1. In a Debye calculation with equal point scatterers on the alpha-carbon sites of the range 5-97 and no solvent, what is log10 I(q)/I(0) at q = 0.14, 0.15, 0.16, 0.19 Å⁻¹?
2. Which lysines, on any chain, are close to LYS59 with Cα under 25 Å apart, when same-chain ones fewer than 8 places away are left out?
3. Could you tell me how far the Cα centroid of the range 137-156 sits from the Cα centroid of the range 32-80, in Å?
4. Around LEU401, under 11 Å between beta carbons, what's the net of Lys plus Arg minus Asp minus Glu among the other residues?
5. So what's the angle, to the nearest 10 degrees on a 0 to 90 scale, between helix 5-17 and the longest Cα principal axis of the chain?
6. Would you mind counting up the charge near GLY93? Only other residues with Cβ under 14 Å from its Cβ, with Lys and Arg at +1 and Asp and Glu at -1.
7. Using a 10 Å cut-off on Cβ atoms, rank the peptides 306-316, 404-414 from the highest mean neighbour count down.
8. What are the ³J(HN,Hα) couplings of the range 331-346, residue after residue, when phi is run through the Karplus curve with 6.51, -1.76, 1.60 and θ = phi - 60°? Round to Hz, x for glycine and proline.
Amino acid sequence: MANRGEIALRVMSTCREMGIATVAVYSEADRKAAHVLKADQAVFLGDPEPAESYLNIDKVISAAKQTGAEAIHPGYGFLAENPLFAERCEQEGLAFIGPPSDVIRKLGDKTVARRTVAGSGVPVIPGMNRPESDPGILAQEAANIGYPVLIKAAAGGGGKGMRIVTSPKDFDEACVSASSEAQRAFSDGAIYLEKYLARPRHVEFQIVADIHGHVVHLFERECSIQRRHQKIIEETPSPIMTPELRERMGSAAVAVAKASGYVNAGTVEFLVDQEGKFYFLEVNTRLQVEHPITEMITGLDIVRIQLEVASGNPLPFTQENVRSRGHAIECRIYAEDPEKGFYPSPGKIIYMQAPTGPGIRNDCGIYSGFQVPVEYDPILSKLIAYAEDRDQAISRMIQALKDYVILGVRTPVPFLIDVLKSEAFARGDTFTDFIDTHFAGWKPSRRDADAACAAFIIDEMSRVRKAGAPAGQVGADPTPWQTLGPWGR
Ligand code: MV4
């Protein structure tokens with residue numbers, strides 16, 4: 001398992017079910033991490049910096065070889081979409097749990113992905129299909145496309161190097177800054193242009209494909225609730241989906257996978273505009289953070305499918321007999337302080353208690369006492385709520401978030417509760433500008449009230465204890481529920 005945190009634990013859970021022995025790799029900062037404790041074997045990689053540990057191809061490959069591993073699962077992030085790593089696994093005779101390296105390379109270049117898809121009849125956002133660095137040609141292309149245009153990095157995704165340009169006077173400077181950001185982020189400054197779709201929805205389809213040419217989609221995920229291109233809440237089904245649109249987009253996703261020669265699990269991203277027209281955006285050649293909501297509505301285990309496909313087995317279902325039922329929502333729980341611009345909030349987990357109950361899943365990478373390192377993405381866990389319909393799933397998620405105790409680091413749980421309680425979310429008004437529109441400058445509503453409530457209870461409790469236990473009270477330490485009667489909902 002060439003990864004850490006919640007995704008490492010999640011993948012190893014399925015491995016154990018299948019009787020597959022697991023090898024964890026870890027850095028100095030993760031000596032006591034949960035994924036190390038859970039694995040059958042663990043190999044130390046080195047210093048905490050990713051370049052010396054989880055991003056170090058030589059160290060990860062040698063850990064696999066020294067333990068006799070037959071396969072490597074990359075998880076998401078780190079080396080998951082690095083074609084050189086997948087290629088190295090292939091050269092070393094290690095099964096890479098993901099697509100072939102040439103497919104990762106092809107789809108990693110957004111202009112090649114657009115060219116590949118354009119030939120398959122799938123709608124692509126109007127724009128360029130080749131990168132360009134000459135300012136004069138770019139300006140001409142922008143005029144042909146028509147403002148507003150979006151400048152994008154050919155080698156990137158996830159919003160890095162993106163610039164929205166609404167008028168020609170800002171165009172040249174925006175190209176320079178977009179290209180230099182792309183150079184810094186992807187060591188490749190190549191940029192290209194697309195027509196900018198205002199207020200789109202971000203809807204993606206899960207794809208699974210085996211080595212026998214079978215390609216099946218496992219329905220959609222609505223991922224529009226994002227903050228600075230980081231998804232916060234994901235759900236399935238999408239509030240905007242109709243059976244007809246699902247059939248068309250699902251077929252388009254399958255066509256993209258077939259045109260790309262895709263194998264294993266992947267995600268085809270689309271943008272849906274205000275008129276309900278959809279456009280191909282990009283393909284993510286990895287298992288996504290939000291895959292659990294698809295597992296909840298289909299009852300499938302996508303990691304198991306990945307391992308079966310990597311073993312050469314055919315998909316155990318067809319498009320006709322795969323079904324979805326109910327509604328699932330995922331909230332990502334990060335060590336970030338929502339009162340300080342969601343700035344990372346590393347530290348020691350002094351105490352945590354995860355919610356449980358019907359339809360609640362918690363893919364968790366931490367435990368009470370764990371020291372959250374500063375070197376990595378601060379995701380702690382993902383909380384998933386499943387129910388028969390959207391309203392029930394929302395209320396189930398709200399209750400679960402209220403029950404989620406994580407002391408020692410700040411998390412966006414109070415923010416997530418307010419988002420899920422909001423009218424806009426209940427309406428399904430989930431566009432990519434949702435957070436900026438409805439929650440810019442959010443502040444918690446109850447902090448002072450909570451503190452006052454706690455102070456009152458403590459004071460009341462000490463008075464009660466001094467006066468001796470009330471009649472009928474069993475045990476030495478009465479609880480507020482026994483001494484104060486119904487209080488604080
Ligand atoms: C777009 C777009 C509108 N028009 N492309 C975001 C990162 C990567 N997944 C592609 N993304 C977008 N591409 C065109 N032609 C809107 C997004 C987008 C987005 C853009 C700005 C702010 C937040 C966003 C969230 C999701 C998608």
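1. Once normalised to I(0) and log-transformed, intensities are -0.45, -0.52, -0.60, -0.87.
2. Partners within reach: LYS32, LYS38.
3. 40 Å
4. Details: positive: ARG396, LYS402, LYS421; negative: ASP403, ASP418.
Net of charged neighbours comes to +1.
5. 90 degrees
6. Details: positive: LYS65, ARG88; negative: GLU70, GLU87, GLU90, GLU92.
Net local charge, GLY93 excluded: -2.
7. Values: 306-316: 16.5, 404-414: 19.6.
By packing density, highest mean first, the sequence is 404-414, 306-316.
8. Computed from phi, the couplings for the range 331-346 are 10, 8, 9, 9, 7, 9, 9, x, 8, 10, x, 6, 5, x, 10, x Hz.
FYI, it's all coordinate maths here, none of it is from the lab. Note that the coordinates shown come from a computational prediction; the quantities given were computed from them, not determined experimentally. Here the Cβ is made from the backbone with ideal geometry for all residues, glycine too, and neighbour counts use every protein chain on show.
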